[in-house]
Amino acid sequence: MTTISLYQIIEKMQYRKDTRDFIREKREASGLSIQKFAHKAGIDPATLCNIENKKQGMSKKTLVQIILGFDMKLSEFFKQLEDKNYDY
């Protein structure tokens, strides 16, 4: 049985197109603007905007900050993301 570390999961998810779509959906569902959510997550609003619009990648640290900004456990975020079925 292969064991995957949380680091490996984050590394995989940070580049996925659907991760960015999911971040936008979660933020919009929370009712927060890009500026308010970015402040809550401790990241630059321009960075969040670029991530959501797929104009910029995100570091592992930024992805973790975003997840924590949703007041979620990392495992909960990734489970919800995997349960979504994005058709591209």
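Quick note: the coordinates plus some simple rules give every number you see, no bench work behind them. Not measured: the values here are computed from a predicted model. So basically every Cβ, Gly included, is an ideal-geometry build from the backbone, and we count neighbours across all protein chains shown.
Some values worked out for this structure:
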| read-out | value |
| --- | --- |
| Most to least packed among 62-71, 42-51 [average Cβ atoms within 10 Å] | 62-71, 42-51 |
| Electrostatic dipole magnitude of region 25-65 [Cβ: Lys, Arg +1; Asp, Glu -1; Cα centre; debye, to 20] | 120 |
| Charge tally in the Cβ shell below 12 Å around residue 30, where Lys, Arg are +1 and Asp, Glu are -1, residue 30 excluded | +2 |
| Cα-based reach from residue 12 at 13 Å (exclusive), listing aspartates and glutamates while leaving out same-chain residues under 8 positions away | 82 |
| The chain - convex hull of alpha carbons, volume per residue in Å³ | 99 |
